[in-house]
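Colleague: Let me begin by handing over the structure; questions about it come next.
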Amino acid sequence: SMQSNNDEWTIAMILQQNRPLNSQNVADALQKFSLKKTAVQKGLDALADSGQISFKEYGKQKIYLARQDQFDIPNGEELEEMKKANSKLQEELAEQKKITSEVESEIKGLQSNLTLDEIRSKEARLQSEVQEMEEKLKKLQSGVILVKPEDKKIIEETFSEKTNQWRKRKRMFKELWDNITENSPKDQKEFKEELGLEYDEDVDVNFQPYSEMLASLNKRRKVSR
């Protein structure tokens, strides 16, 4: 029948890959054609009986293969030529990959550059900032007092007092906490959370910069005296 001939043609095409296959391999390859394994087996047997394909039996297993006399097998000289051609093609491929990589790198570089509009926008923003700074500089150069000395003194003293209080309280807490937790079996982190305690770092605060500012302030005061 026509359907049977179509099935055999399809199976023969699969075997043109020229590798040994069993009926299950062929059935798997022909799933998209909705061919059932029984139809595949029937087609394989028909092709084998008519001598269009060859097969070997290994126990109960039959292995099918395209007939080898239909393939042109190159001789040693031809194989050597093919190897040389293959080697040349590999070199050309490597060269093309290198060129492609260089072009891609150039494209990335160009993409990371600013466009003309972006450059103009950035230039305008920078010019505006420069103008603001120049105006501020003119005020300072003209002797304008931005902060009164008495206000500055009050601010510095307040800062100094608060920072010293902070340091003292940190030290007092540490001594007290170390005494409480020294022989306690409780996990310190859990105990801290249970009591609702928060360290500076828990609220993203660091004492170090304030301490450095205070040291700098005290140094400046000593020099001015």
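The values are calculated or read from the model by the stated rules, or taken from the named source; none is laboratory data. Remember, it's a predicted structure, so these values are computed and weren't measured experimentally. No Cβ is skipped: glycine too gets one built from the backbone with ideal geometry, and neighbour counts run over all protein chains shown. The accessibility values were calculated without ligands, DNA or RNA, using every heavy atom of the protein model including side chains. Shrake-Rupley method; radii C 1.70, N 1.55, O 1.52, S 1.80 Å.
Colleague: Among (1) over 30 Å from Q24 (Cα atoms); (2) modelled with pLDDT under 85; (3) of a type in the set (D, E, K, R), there is one condition K60 misses while meeting the rest; what is its number?
Modeller: (1)
Colleague: What's the number of the only condition in (1) open to solvent by 90 Å² or more (accessible area, probe 1.4 Å); (2) modelled with pLDDT of 85 or more that T100 fails to meet?
Modeller: T100 satisfies every listed condition except (1).
Colleague: Let me ask something additional. Would a scan of the stretch 128-138 turn up a residue that is outside the structural domain of L217 (by the TED database), hydrophobic (A, V, I, L, M, F, W, C) and open to solvent by less than 100 Å² (accessible area, probe 1.4 Å)?
Modeller: Yes, the stretch 128-138 contains a residue that is outside the structural domain of L217 (by the TED database), hydrophobic (A, V, I, L, M, F, W, C) and open to solvent by less than 100 Å² (accessible area, probe 1.4 Å).
Colleague: Can you name every residue in the stretch 199-225 that is part of a helix (DSSP H, G or I), of a type outside the set (D, E, K, R) and under 38 Å from the mean Cα position of the chain (by Cα)? Can you show your working first?
Modeller: Here is the first cut: in the stretch 199-225, the residues part of a helix (DSSP H, G or I) are 200-203, 207-224.
When the remaining residues are screened for being of a type outside the set (D, E, K, R), the result is 203, 207-211, 213-218, 223-224.
Of everything in the stretch 199-225, those that are part of a helix (DSSP H, G or I), of a type outside the set (D, E, K, R) and under 38 Å from the mean Cα position of the chain (by Cα) turn out to be V203, F207, Q208, P209.
Colleague: For the stretch 21-65, what are the residues that are open to solvent by less than 50 Å² (accessible area, probe 1.4 Å), part of a strand (DSSP E or B) and out of contact with any Lys or Arg (no Cβ under 7 Å at 6 or more places or on another chain)?
Modeller: Across the stretch 21-65, the qualifying residues are L21, Y64, L65.
Colleague: Now for a different question. Taking the stretch 202-221 as the region of interest, how many residues are open to solvent by 100 Å² or more (accessible area, probe 1.4 Å) and either modelled with pLDDT under 85 or in contact with a Leu (Cβ under 7 Å, 6 or more places away or on another chain) (or both)?
Modeller: Residues that pass the stated criteria total 2.
Colleague: Sticking with this one: Is there a residue being free of Cβ contacts under 8 Å to residues at least 12 places away in the same chain, within 46 Å of the chain's Cα centre (by Cα) and open to solvent by 100 Å² or more (accessible area, probe 1.4 Å) anywhere in the stretch 66-76?
Modeller: No, the stretch 66-76 contains no residue that is free of Cβ contacts under 8 Å to residues at least 12 places away in the same chain, within 46 Å of the chain's Cα centre (by Cα) and open to solvent by 100 Å² or more (accessible area, probe 1.4 Å).
Colleague: Please determine, by comparing only the residues of the stretch 139-166 that are in a helix (DSSP H, G or I) and among the hydrophobic types (A, V, I, L, M, F, W, C), which one is surrounded by the most Cβ atoms within 10 Å (Cβ to Cβ).
Modeller: W166
Colleague: Turning to a different aspect of this structure: Of the residues in the stretch 167-198, how many are assigned to a loop (DSSP other than H, G, I, E, B) and either open to solvent by less than 70 Å² (accessible area, probe 1.4 Å) or β-branched (V, I, T) (or both)?
Modeller: Adding up the residues that qualify gives 3.
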